[in-house]
Amino acid sequence: MKNFAIAAALTLGLSGAAIAQDKDWSFGDGETHEHWGDIRAEYATCDAGSMQSPIDLTSPDARGDIKLETRFGEASGKLALAKQKVQIDFTPGQGKGMTSGDKTFDLLQVHFHTPSEHAVNGKRYPMVAHFVHATQAGELGVLGVFFTEGSENPAIDALLKAHAKGNGAALSVNIDDMIPTDLDVYRYMGSLTTPPCSEGVNWHVADVSVEASAAQIAKLSGALGPSARSIQPRNGRLLVAPE
Ligand SMILES: [Zn+2]
């Protein structure tokens, strides 16, 4: 599937149902190569691609603060649950999103992984939120935010209350509760971390984590199970780290 088709499917809210029914792959232990390309020809990029995600965010080629503006705050949506998936599909038309450089992205959904997929200098965090966006032209942009154990997080509280109601539960969260106050990001070009592993994804990963309580992280981890793809080779890709 081309990126555009995926973005269109996400925009139309089709991804949850389609993936839930079709899911024929699984995350492994997060260390061993998954070989998703062996499952279906459509997943060949997962193994053959040279710009795959996640990567270890280490030894940046350059340091500089990427110009990134977010339009988040309170947002409503619906919970989409499946095996190894906890996701909020945001109701379209709320004007949420981010502008990175000269690209304007609309926010589609946020989902979680336990542990984090990207690592920083070889270290993974207990949890990550991936805010998935697309431009009008269908180019994907993701903002990743790591979680560490600390204070209870009100957005995760709302998520867990909806989770108790089940798939399709309506909820409202303040997205800013999941975003560092001082948002600076690592930036590189990568891929979806799940089949079909399409490339051309504009990755942004916050260098400062946010907090959720140990109990909250444990609950999400219990719902998701191991849900991180193995670290992929960087293959000489440009990585810009914050100042
Ligand atoms: Zn993800």
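Is it true that residue 75 is within 16 Å of the ligand (Cβ to nearest atom), of a type in the set (Gly, Ala, Ser), under 21 Å from residue 160 (Cβ atoms) and assigned to a strand (DSSP E or B)?
no
Identify the single condition in (1) in contact with a strand residue (DSSP E or B) (Cβ under 9 Å, 6 or more places away or on another chain); (2) away from the ligand (no atom under 12 Å from the Cβ); (3) outside any strand (DSSP E or B) that residue 69 does not satisfy, given that it satisfies every other one.
Answer for residue 69: the failing condition is (3).
Here's the yes/no breakdown for (1) within 16 Å of the ligand (Cβ to nearest atom); (2) open to solvent by less than 10 Å² (accessible area, probe 1.4 Å); (3) touching a strand residue (DSSP E or B) at 6+ places or on another chain (Cβ under 7 Å):
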position	(1), (2), (3)
162	no, yes, yes
172	no, no, yes
207	no, no, yes
235	no, no, no
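For every residue, the table says whether it meets (1) open to solvent by less than 40 Å² (accessible area, probe 1.4 Å); (2) at pLDDT 95 or above; (3) farther than 17 Å from residue 234 by Cα.
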| site | (1), (2), (3) |
| --- | --- |
| 16 | yes, no, yes |
| 23 | no, no, yes |
| 33 | no, yes, no |
| 37 | yes, yes, yes |
| 47 | no, yes, no |
| 64 | yes, no, yes |
| 71 | no, yes, yes |
| 74 | no, yes, yes |
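Within the range 189-228, count every residue that is more than 25 Å from residue 156 (Cα to Cα) and in a loop (DSSP other than H, G, I, E, B).
So the count comes out to 4.
Is the range 140-154 home to any residue that is open to solvent by less than 10 Å² (accessible area, probe 1.4 Å), aromatic (Phe, Trp, Tyr) and within 19 Å of residue 30 (Cα to Cα)?
Checked against the condition, which is being open to solvent by less than 10 Å² (accessible area, probe 1.4 Å), aromatic (Phe, Trp, Tyr) and within 19 Å of residue 30 (Cα to Cα), the range 140-154 yields at least one hit.
Within the set of pairs 6+ apart or on separate chains, which have a first residue in the range 109-128 that is within 11 Å of the ligand (Cβ to nearest atom), a second that is charged (D, E, K, R) and open to solvent by 30 Å² or more (accessible area, probe 1.4 Å), and C-beta atoms under 7 Å apart?
Listed pairs, sorted by first residue: 109/89; 116/124.
Scan the range 102-119 for residues that are open to solvent by less than 10 Å² (accessible area, probe 1.4 Å), over 20 Å from residue 68 (Cα atoms) and not in a strand (DSSP E or B) and jot them down.
Within the range 102-119, 114, 116, 117 meet the criteria.
Considering 212, 218, which residue is open to solvent by less than 40 Å² (accessible area, probe 1.4 Å) and farther than 19 Å from residue 57 by Cβ?
Answer to the selection: 212.
May I ask you to verify whether residue 231 is in contact with a strand residue (DSSP E or B) (Cβ under 6 Å, 6 or more places away or on another chain) and open to solvent by 50 Å² or more (accessible area, probe 1.4 Å)?
Criteria met by residue 231.
The values are calculated or read from the model by the stated rules, or taken from the named source; none is laboratory data. This structure is a prediction, so every number in the text was calculated from the model and none was measured. All Cβ positions, glycine included, derive from the backbone under ideal geometry; neighbour counts span all protein chains shown. To get the accessible areas, we keep the full protein, side chains included, count just its heavy atoms, and leave off ligands, DNA and RNA. Shrake-Rupley method; radii C 1.70, N 1.55, O 1.52, S 1.80 Å.
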